[in-house]
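Okay, so here's the structure we're looking at.
The values are calculated or read from the model by the stated rules, or taken from the named source; none is laboratory data. On a predicted model such as this, the values are computed, not experimentally measured, just so you know. Every residue, glycine as well, gets a Cβ built from its backbone with ideal geometry; the counts of neighbours run over all protein chains shown. Areas reflect the complete protein model, heavy atoms only, side chains present, ligands, DNA and RNA absent. Shrake-Rupley method; radii C 1.70, N 1.55, O 1.52, S 1.80 Å.
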Amino acid sequence: MTSRGTFSDEPLSPAGRLFIDPKTDVVIHCIAISKNPIDLDVAKTALKSSVLVQHPRFCSLLGDGDGDGEAAVNQYVADLSVSSPLSMDKPLWELHLLKAHKCVVFRIHHALGDGFSLMSMLMAGSGKVDVPAVVPAAVPPIKTEGIKSGKRRDGFWLLSLLWGVFKMVRYTLVFVLEFVVRSLFVCDRKTVISGGNGVELWPRKLATAKFLLEDMKEVKRAIPNTTINDVMLAMVSSGLSRYLEHRTPNALHEGLRLTGVAMVNVRANPRLQELSEVMETNSKARWGNKFGATLIPVFHHKGGNNPLQYLKRAKGINDKKKHSMEAYFTYKIRDLVMTLLGPKYVCLLYYKLLCNTTFTISNFVGPLEHITLAGHPISNIKFNTSSLPQAISMHMLSYAGRVEMQLLVAKDIIPDPEFLAKCFQDALLEMKTAAIATNKA
């Protein structure tokens, strides 16, 4: 990349080169909706002095080396996701202002950075609602009370360590082998929500599923040592099963596997940091595309008397994933292929992986409290990416106690994404009802 001004040339990272290939070209869309009408002059002034236009990557060129309002915004972004790639002869970002909907759409090429990097930039350019000059908190403080110091010195400590190493090696080998096999020739069974080669060019629809973070925490408390990620995976598994039963009643066998692809941050420090720290050369939270891929299996079930069974299965899957280094090794495999064979083969590998799987999923922790951008209080934030060969992409972002999932679908395959969104919402509410009964028992 060639930077304007005083910045020196910087080569694109392997992931950056992946995202500029025509088959895997990805643009991130961030939607910020203001509580008040947008003052264009104030917004322009704030943008000119913002970290966005001061950041070297955002000054660079690629060198040769409310219900109806929400629906209108969603359709606008859905159309952008297919028909409007970013021009390579200018810096790879755009800002679209939809004054009628009090909305701003940021379009940022994925080659510039991943969600971690871009969220750090968003937080650096935001302010508290009551004190706009103060940057709000991005993550809760680490709790230190009750943490015991020192190590166990008995024989069980050594056995536990050896058992942990054994599980890490075992699960890493299994999951990395599965990743390679999925990237080459094994694919999911075709269903009514399957995509495939060329589907990234099909017209899109975009819908939003909305959740309360407190509802997810209520479900989490029903089973010990469960995480919000477990709840999200259970919700996705249950919601997809509901949708498939609606579209094809009794057509799919119990336990049918659908595979998702998730991108996982592999930085040494995965928590959001100040932008200045992210930009440091030797930072453990370095700017860029620092992620590996992991496969997320979900299984079709027709339901039953206990919706918390979805949570138990999701926890079992995630516990195994957490004991592996799948994401780190897929990150290294991508770099190795890029070094030995070049970006063309990395793009082919990832494109084949997306064609062989059913969906993409991501989730990200956003601001803990309401924020302001360019002096405008923001009511909600959501994000998605441009279209992929899969027929469905799910992107979740939490913001001030709420979680919104953007569902980008190929509308000729999934014509009713609003109903799919309702399936996810109903799945969480059903698990919440069961969790309340369990927690009171």
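Here are the numbers for this structure:
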{"quantity": "Largest-first ellipsoid semi-axes for the range 345-386, taking √(5λ) over the Cα gyration tensor eigenvalues, angstrom", "calculated": "35, 11, 8"}
{"quantity": "Total formal charge among the other residues, if their Cβ is under 9 angstrom from that of K302, Lys/Arg +1 and Asp/Glu -1", "calculated": "-2"}
{"quantity": "Along principal axes, Cα extents of the range 290-398, largest first, whole Å", "calculated": "49, 47, 29"}
{"quantity": "Total formal charge among the other residues, if their Cβ is under 12 angstrom from that of C187, Lys/Arg +1 and Asp/Glu -1", "calculated": "+4"}
{"quantity": "Order of exposure, largest accessible area first, which applies to V174, V82 with probe 1.4 Å", "calculated": "V174, V82"}
{"quantity": "Under the Karplus curve 6.51 cos²θ - 1.76 cosθ + 1.60, θ = phi - 60°, whole-Hz ³J(HN,Hα) for the range 81-94, x wherever Gly or Pro sits", "calculated": "5, 10, 9, 10, x, 6, 5, 7, 9, 8, x, 7, 7, 9"}
{"quantity": "Counting all C-alpha pairs of the range 78-125, share separated by more than 12 Å (%)", "calculated": "71 percent"}
{"quantity": "Label-to-label distance, nm, for residues given as K322 and K48 (7 Å Cα→Cβ offset)", "calculated": "5.0 nm"}
{"quantity": "Amide H within-cut-off set for I371, under 5 Å, with H built and near neighbours excluded", "calculated": "I378"}
{"quantity": "Accessible surface of the range 346-441, 1.4 Å probe, proportion on carbon and sulfur as whole %", "calculated": "60 percent"}
{"quantity": "15 Å beta-carbon shell around V129, net charge (K/R +1, D/E -1)", "calculated": "0"}
{"quantity": "For M325, distant residues with modelled amide H under 5 Å away", "calculated": "T172"}
{"quantity": "Spatial extent of the range 186-236: Rg and Dmax, with the Cα atoms as the point set, Å", "calculated": "16.4, 44"}
{"quantity": "Length released on extending from L184 to L341, taking residue separation times 0.36 nm less the Cα-Cα span", "calculated": "54.9 nm"}
{"quantity": "Sites L348 and F166 - FRET efficiency at Förster radius 35 Å, r taken between beta-carbons, to 0.05", "calculated": "0.50"}
{"quantity": "J(HN,Hα) series, the range 381-390, from Karplus relation 6.51 cos²θ - 1.76 cosθ + 1.60, nearest Hz, glycine and proline x", "calculated": "10, 8, 8, 7, 10, 5, 5, 10, x, 6"}
{"quantity": "For the range 369-441: lysine pairs under 19 Å (alpha-carbon distance), excluding those fewer than 8 apart on one chain", "calculated": "4"}
{"quantity": "Hz values of 3J(HN,Hα) by residue in the range 119-129 - Karplus curve (6.51, -1.76, 1.60), Gly and Pro given as x", "calculated": "5, 4, 5, 4, 5, 5, x, 9, x, 5, 5"}
{"quantity": "Three-way shape label, the range 319-382, alpha-carbon gyration tensor, a/c 1.5", "calculated": "prolate"}
